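*Asks:* Let me begin by handing over the structure; questions about it come next.
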Amino acid sequence: MHNALTEIRISRSALIHNVKAFRGVIGPKVQLMVVVKSNAYGHGVGECAPIFAKAGVDWFGVASLTEALQLRHIVKTKPILVLSFVDGGTAAIEKAIQQGIRLPAYTKEQLRQYQRIAQRLKKSAFIHLKFDTGTSRIGFLPEELPMVVWYLQRLTNVQVEGVYSHFSEVESNNKKFTLKQLDCFTTLVNNLESSLARRLIKHIDCSAGVLLEPQSHFDMVRVGMSAYGIHTVQDRKLIKHTYPKFSLIPVLTFHTTVIQVKRVTKGVTIGYNRTFTCKKPTTIAVLPVGYWDGLDRKLSNIGSVIINGKHAPIRGRVCMNLTMVDVTGIAAVHVGSQVTFIGCAGPTCLTVEALAKQIGTISYEVLTRLNPSIARSLAP
């Protein structure tokens, strides 16, 4: 159990807005997959997935088979694709096949394994072939296509439903490598469909690709972080030029309450290793949140929180379960005052992007490191 004073709030209306925003970009003929891996990018898969399903998402994507089997208890009917790795062994693959979960294939050993298990179950294993077109992660290499086709033509219980790849720097202003990947993928899928004599669900686009490379929408797009309202394209002008009405709304806010307020004198040091010394009499508020909760330790002495609509600087080291902030000059701070780590309080805001910049990382890491045991509640 996590402490009862700390909460993450998820906006239902923001989730729906973001799905509609992407649907407006891709149109009705392209399928929309929302990726809910890593606890829905830290937002809470149990809270977000049902809302996405009702908002008209066509597919769900996850990182692992374990995540897929957990998601199937939440989303009963929508197709689920494992995008990365198949963990859990034979028993987990059996459950996946029985529950209609789509499996990735990027090695010949996987193809053989799926065939053996599906044949024993007297069912079909539906797979999506993953090709590595330039990210050098999982995936068959393009030159392995003839071998892949040879296997597929001999497997009776493995049904190829889709083929996919992943861009490595589609967010970049330099399109040269992205276009090279796109050309490679297009050639691959054309040859694959020709060899198998049927159409497949083709997908390569991530959130940024959807907005920056319309020619790569193919049959389905995969929207990850941007489904939660976080822009992955740094240069927003590139989006506004093509989609002037496109907008995203951040879904998550992160809050706690003050547990103690104290007045200390000039010269008093704060926190482990005494990294901050008060230069004048100072009012300190103690918060029941630390790096265990996902508040990065690198925010020590440089970050801030919002209390009563004003920024309160973090003083001293962020501890495992506690953080101290300077509330000198902020009126009416008391035990129970609300604290915002991510989100807005009146006109004052702390964005995920700003936090990430402060500690030299990306928004993905800030959000996915939020402790999954923190209560997530749905807001309008």
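*Asks:* Charges at C-beta only: +1 for Lys and Arg, -1 for Asp and Glu. How large is the resulting dipole of the chain about its Cα centre, in Debye rounded to 20?
*Replies:* My answer is approximately 640 debye.
*Asks:* For the chain, what does the accessible surface come to per residue with a 1.4 Å probe? Please give it in Å².
*Replies:* Here the per-residue accessible area is 45 Å².
*Asks:* Okay, moving on. Hey, which lysines would be in cross-link range of residue 123, C-alpha to C-alpha under 26 Å, not counting anything within fewer than 8 residues on its own chain?
*Replies:* In chain and number order, the partners are 76, 78, 95, 108, 202.
*Asks:* Also, I was wondering about something else. List the aspartates and glutamates whose Cα sits under 19 Å from the Cα of residue 175, skipping any in the same chain fewer than 8 residues away.
*Replies:* Within reach: 132, 183, 205, 213, 235.
*Asks:* How large is the Kirkwood hydrodynamic radius of the stretch 211-363, counting all unique pairs of alpha carbons, in Å?
*Replies:* Value: 17.4 Å, from the Cα pair sum.
*Asks:* Given just the C-alpha atoms of the stretch 208-269, how large is their convex hull per residue in cubic angstrom?
*Replies:* 180
*Asks:* Looking at the square roots a ≥ b ≥ c of the eigenvalues of the Cα gyration tensor of the stretch 1-128, which shape do they give, rounded for a/c under 1.5, prolate if a/b is larger than b/c, or oblate?
*Replies:* oblate
*Asks:* Can you list which of the trypsin sites (Lys or Arg not before Pro) found in the stretch 45-136 are DSSP loop residues with at most 16 other C-beta atoms within 10 Å?
*Replies:* 76, 122, 123
*Asks:* Any idea what the alpha-carbon Rg over 2.2 N^0.38 Å comes to for the stretch 256-324?
*Replies:* 1.03
*Asks:* Same structure again: Along the charge dipole of the chain, which of 98, 305, 126 sits closest to the positive end, that is, farthest toward it, with unit charges on the beta carbon of Lys, Arg, Asp and Glu (+1, +1, -1, -1)?
*Replies:* Among 98, 305, 126, the one farthest towards the positive end of the dipole of the chain is 305.
*Asks:* Return the FRET efficiency for the residue pair residue 186, residue 268: r is the Cβ-Cβ distance, R0 is 41 Å, and the value is rounded to the nearest 0.05.
*Replies:* E(calc), rounded to 0.05, equals 0.05.
*Asks:* Enumerate the residues in the stretch 361-380 having an amide nitrogen under 11 Å from the point lying 7 Å beyond the Cα of residue 302 toward its Cβ.
*Replies:* Residues passing the 11 Å test: 361.
*Asks:* Quick query: amide H of residue 339 versus all other amide H atoms, modeled in the peptide plane; which residues come in under 5 Å with a sequence gap of 5 or more or a different chain?
*Replies:* 256, 257, 258
*Asks:* Put one equal scatterer on each alpha carbon of the chain, apply the Debye formula with no solvent term, and list log10 I(q)/I(0) at q = 0.10, 0.13 1/Å to two decimals.
*Replies:* Evaluating at q = 0.10, 0.13 Å⁻¹ gives log10 I(q)/I(0) of -0.72, -1.04.
*Asks:* Give me the angle, in degrees from 0 to 90, between the Cα long axis of helix 45-54 and the longest principal axis of the Cα atoms of the chain, rounded to the nearest 10.
*Replies:* Tilt relative to the chain: about 60 degrees.
*Asks:* Let me ask another. What is the angle, in °, between the Cα long axis of helix 176-196 and the longest principal axis of the Cα atoms in the chain? Nearest 10 is fine, range 0 to 90.
*Replies:* So the inclination is approximately 40 degrees.
*Asks:* Can you compute the charge dipole magnitude of the stretch 254-319 about its Cα centre, using +1 on each Lys and Arg Cβ and -1 on each Asp and Glu Cβ, nothing else charged? Give it in debye, rounded to the nearest 20.
*Replies:* Roughly 400 debye, rounded to the nearest 20.
*Asks:* Something else: Can you tell me the length gained on complete extension of the stretch residue 141 to residue 175, counting 0.36 nm per residue apart and subtracting the Cα distance?
*Replies:* Residue separation times 0.36 nm, minus the Cα-Cα distance, leaves 10.1 nm.
*Asks:* So what is the relative contact order for the stretch 253-339, in percent, with contacts set as C-alpha pairs under 8 Å and at least six apart?
*Replies:* 35
*Asks:* Separate question: Provide Rg over Rh for the stretch 60-123; use the alpha carbon set for both Rg and the Kirkwood Rh (inverse mean inverse pair distance).
*Replies:* Rg/Rh for the stretch 60-123 comes to 0.94.
*Asks:* If you don't mind, there's one more thing I want to ask. Please report the base-10 log of the normalised intensity I(q)/I(0) for the stretch 124-211, using a Debye sum with one equal scatterer per alpha carbon and no solvent, at each q in 0.11 (1/Å).
*Replies:* The computed values of log10 I(q)/I(0) come out as -0.31.
*Asks:* Leaving ligands, DNA and RNA out of it, report the carbon-plus-sulfur percent of the accessible area of the chain at a 1.4 Å probe.
*Replies:* Carbon and sulfur together cover 55 percent of it.
*Asks:* Which of the listed residues, 211, 238, 295, is farthest toward the dipole's positive end in the stretch 173-309, when Lys, Arg count +1 and Asp, Glu count -1 at the beta-carbon?
*Replies:* It is 295.
*Asks:* Quick check: Cα centre of the stretch 100-127 to Cα centre of the stretch 1-64, how many Å?
*Replies:* Here the answer is 28 Å between Cα centres.
*Asks:* Enumerate by residue number the trypsin sites (Lys or Arg not before Pro) in the stretch 241-285 meeting two conditions: DSSP loop (anything except H, G, I, E, B), and at most 13 other Cβ atoms within 10 Å of the site's Cβ.
*Replies:* In loop regions of the stretch 241-285 (DSSP not H, G, I, E or B), the sparsely surrounded trypsin sites (Lys or Arg not before Pro) are 245, 266, 279.
*Asks:* Also, I was wondering about something else. Have a look at 65, 121, 287 and tell me which one the Gaussian network model of the chain (Cα, springs below 10 Å) gives the largest fluctuation.
*Replies:* Of 65, 121, 287, the Gaussian network model singles out 121 as fluctuating most.
*Asks:* May I ask for the net charge around residue 380, where only other residues with Cβ less than 14 Å from the Cβ of residue 380 are counted and Lys, Arg are +1 while Asp, Glu are -1?
*Replies:* +1
The values are calculated or read from the model by the stated rules, or taken from the named source; none is laboratory data. Bear in mind the structure is a predicted one, so any value in this text is a computation, not a measurement. Every residue, glycine among them, receives a Cβ derived from its backbone with ideal geometry; neighbour counts consider all protein chains shown. Accessible surface areas use protein heavy atoms only, side chains included; no ligands, DNA or RNA. Shrake-Rupley method; radii C 1.70, N 1.55, O 1.52, S 1.80 Å.
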